[in-house]
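In what follows, a single structure is set out as structure tokens and then discussed.
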Amino acid sequence: MSAALPADGRVEAAWKVLASVDDPEIPALSIVDLGLVRFVAERPDGTLEVGLSPTYVGCPATEVIRESVETALSKAGAGAFAVTQVLSPAWSSDWITVDGRRKLDAYGIVPPDRPAASLREVLRGNRPVGCPRCRSTDTECVSEFGSTPCKSLYRCRACLEPFEYFKCI
Amino acid sequence: MSAAPSGAAAQDLFRFVLRLGDLSLVLGQRLGEWVGHAPALEEDLGLANVALDLIGQARLLLTYAGEIEAKGRGEDELAFLREHGDYFNAVLAEQPNGDFGRTIVRQVLIDAFQLELYERMATSTDERLAAIAAKSVKEVRYHLRYSSDWLVRLGDGTEASNARVQAALEALWPYTVELFAEDELDRSMADRGVAPRLSDVQAAWSARIDAILAAATLQRPKDRPHAWHGKRGQHSEHLGYILAEMQHLQRTYPGARW
């Protein structure tokens, strides 16, 4: 077991621990990169409280993430802690950090367009999605849903490579 | 934080939240039947992902219902141990999948309903329902994008595909009436600002459906009086089969966990 988190700056130290927890579906990104950690606070009784938001309500990764967070905090010697689910305001793909967007792109997943699409845009619009390999915008959507609800499947007509696009929500 | 309701108000809210949660749960279970059977891998993924979102909604809603009831029942007890007469979903959700076109028709009708309902419920006086609606509506937009896109392709496709989805529309349309049939419970929820007026939801739904049907070159069937009361626990014969499959494991091995 490693040493306990410093009493001074315990919240900052916890953020560092959380930044080392990878998303189970997209391990190139941490849960902090994805904007899933909503707050870290110390309650008056000394309990460290971590607020987590789910990306999608049915995302099976939500429970895995919660367990990973609990494991990481225990291993780091965080002391008493509680993980809370935060539903409101609802998670938005706009909260993926600049660093997170860069990592997504490098991983071969096109980061979500910003700002998150309005109702009209979701139903009617098709903003151009650029290929993460050759950067061509001559691409087509093959499937609205991919390996996870948060992504759709695309194909590049220029380099013929398939790729995933992280939907804006 | 608003105070938790008690007494008769809690009983009403409990039943109302079950109506919403059961609609999502039963439809999600239905869509799950497509896994491994859809016409193409992309549709297998698409329907499964929509099912997952719906079951996610159901989990949030049934968990909340259990807290309102305050008798120690959680999402699992409510999903797996209730009899069909204690399910309050509108019967449209439990109608069989039929062919892919029929599944898509049912999906468009319910996606558009959930979209208009949740958009309005995001400002509910009930903070918890407002949060669940605001979260869910973002996903429902993508559900409707998927289902309406397919309905247009099938309706405006070949003669055969058009005939099949038109027939599915005729068969399923009568069940839509129940979604908007306002009873005392719906009225009291609207009076308290917990839920929108169903007449408002219906007007918006109707306009949205008309636009989709026009793009799909499909004819809107005539409204007929309905005889279904799933929202009061009176279901078609289909729900029993759904529950038998969904509840089998928990009833055979009570308390079994993954």
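Computed from the coordinates by the stated procedures, all read-outs in this text should not be read as laboratory data. These numbers were taken from a predicted model, which means no experiment stands behind them. Don't worry about glycine lacking a Cβ; one is built from the backbone with ideal geometry, like all the others, and counts go over all protein chains shown.
By the Cβ rule of 4.7 Å, chain A holds the following cysteines without a possible disulfide partner: A:C59, A:C141, A:C150, A:C168.
Seen against the Cα atoms of chain B and their longest principal axis, helix B:100-121 is set at about 50 degrees. Given the convex hull of the Cα atoms of segment B:1-155, what is a quarter of its surface area in nm²? So the Cα hull casts an average projection of 9.3 nm². Applying the Kirkwood pairwise sum to the alpha-carbon positions of segment A:98-166 produces a hydrodynamic radius of 12.3 angstrom.
Report, to the nearest 10°, how far helix B:238-252 tilts away from the longest principal axis of the Cα atoms in chain B, using its own Cα long axis and a range of 0 to 90°. For helix B:238-252, the angle is close to 50 degrees. Stokes-Einstein, applied to the Kirkwood radius of segment B:172-228 over Cα pairs at a viscosity of 0.890 mPa s and 25 °C, places its translational diffusion at 194 µm² s⁻¹.
Computing FRET efficiency as 1/(1 + (r/R0)^6) for A:A28 and B:E159, where r is the C-beta to C-beta distance and R0 is 41 Å, gives about 0.30. Here the simple spin-label model places points 7 Å from the Cα toward Cβ, and for B:D200 and A:T71 these points are separated by 4.7 nm.
Can you give the calculated 222 nm mean residue ellipticity of chain B, where each DSSP H run of n ≥ 4 adds -39,500 (n - 2.57) and the sum is split over every residue, rounded to the nearest 500 deg cm²/dmol?
Roughly -23500 deg cm²/dmol at 222 nm, from the helical runs in chain B.
The helix-only estimate of mean residue ellipticity at 222 nm for chain A, built from DSSP H runs of length n ≥ 4 each weighted as -39500 (n - 2.57), is -6500 deg cm²/dmol after division by the residue total.
Reported to the nearest whole Å, the Cα centre-to-centre distance from segment A:98-169 to segment B:160-199 is 34. The label point for B:D210 and the one for B:E237, both projected 7 Å from the Cα toward the Cβ, are 3.8 nm apart.
Between B:A167 and A:R157, the FRET efficiency estimated from the beta carbon spacing at R0 = 41 angstrom works out to 0.65.
Mean partner shielding of peptide A:56-64, defined as the number of other chain Cβ atoms within 10 Å of each residue Cβ, is 6.
With the simple spin-label model, which puts each label point 7 Å out from Cα in the Cβ direction, the B:D76 to A:R133 separation comes to 4.4 nm.
Note on B:V26, A:V37: ascending count of other Cβ atoms within 10 Å places them as A:V37, B:V26, the fewest first. Picking from B:A214, B:A195, B:A79, which is most flexible by a Gaussian network model of chain B using Cα springs under 10 Å? For chain B, modelled as a Gaussian network with Cα springs under 10 Å, the answer is B:A214.
Compute the relative contact order of chain B as a whole-number percentage, counting only Cα pairs closer than 8 Å that sit 6 or more residues apart in sequence. Here the relative contact order equals 24 percent.
If the limit is 31 Å between Cα atoms, which of A:K167/B:K231; A:K16/B:K135; A:K151/B:K222; A:K16/B:K71; A:K151/B:K231; A:K75/B:K71 go over it?
Violating the 31 Å Cα-Cα cut-off are A:K167/B:K231; A:K151/B:K222; A:K16/B:K71; A:K151/B:K231; A:K75/B:K71.
One equal scatterer on each Cα of the protein assembly as shown, no solvent, Debye formula: the resulting log10 I(q)/I(0) at q = 0.06, 0.12, 0.13 Å⁻¹ is -0.27, -1.07, -1.23. Using a Gaussian network for chain B with springs between C-alpha atoms less than 10 Å apart, which of these wobbles most: B:V35, B:V50, B:V140? In this elastic network of chain B, the residue with the biggest mean-square fluctuation among B:V35, B:V50, B:V140 is B:V35. Oblate is the label for segment A:1-56, because the ratio a/c of its alpha-carbon gyration tensor axes (a ≥ b ≥ c) is 1.5 or higher and a/b is not greater than b/c. Sparsely packed loop sites in segment B:193-245 (the trypsin sites (Lys or Arg not before Pro) outside DSSP H, G, I, E and B with at most 14 other Cβ atoms within 10 Å) comprise B:K222. For segment A:10-85, relative contact order (Cα pairs under 8 Å, six or more residues apart, normalised by length) works out to 33 percent. Shielding value for A:141-150 is 6, the average number of Cβ atoms from other chains within 10 Å of each residue's Cβ.
The mean number of partner chain beta-carbon atoms within 10 angstrom of a residue's beta-carbon across peptide B:132-139 is 6. As a proxy for reagent exposure, A:T137, B:T103, B:T158, A:T55 were ordered by neighbouring Cβ count within 10 angstrom, fewest first; the result is B:T158, A:T137, B:T103, A:T55.
Less than 10 Å Cβ to Cβ from B:R73, Lys/Arg counted +1 and Asp/Glu -1: what total charge do the surrounding residues give? Neighbour charge sum, excluding B:R73 itself: -3. Taking every alpha-carbon pair under 8 Å whose residues sit at least 6 apart, chain A reaches a relative contact order of 20 percent. Taking the inverse of the mean 1/r over every pair of distinct Cα atoms in chain A gives a Kirkwood hydrodynamic radius of 17.3 Å. Taking B:A58, B:A168, B:A227 as the candidate residues, the one with maximal mean-square fluctuation in a Gaussian network model of chain B, Cα springs under 10 Å, is B:A227.
Quick check: from the Cα gyration tensor, does segment B:133-210 come out rounded (a/c under 1.5), prolate or oblate?
Note, shape of segment B:133-210 comes out oblate.
Give me P(r) over segment B:88-190, computed from all C-alpha to C-alpha distances, binned every 10 Å, as integer percentages. Spelled out bin by bin, segment B:88-190 gives 15, 39, 31, 13, 2 percent.
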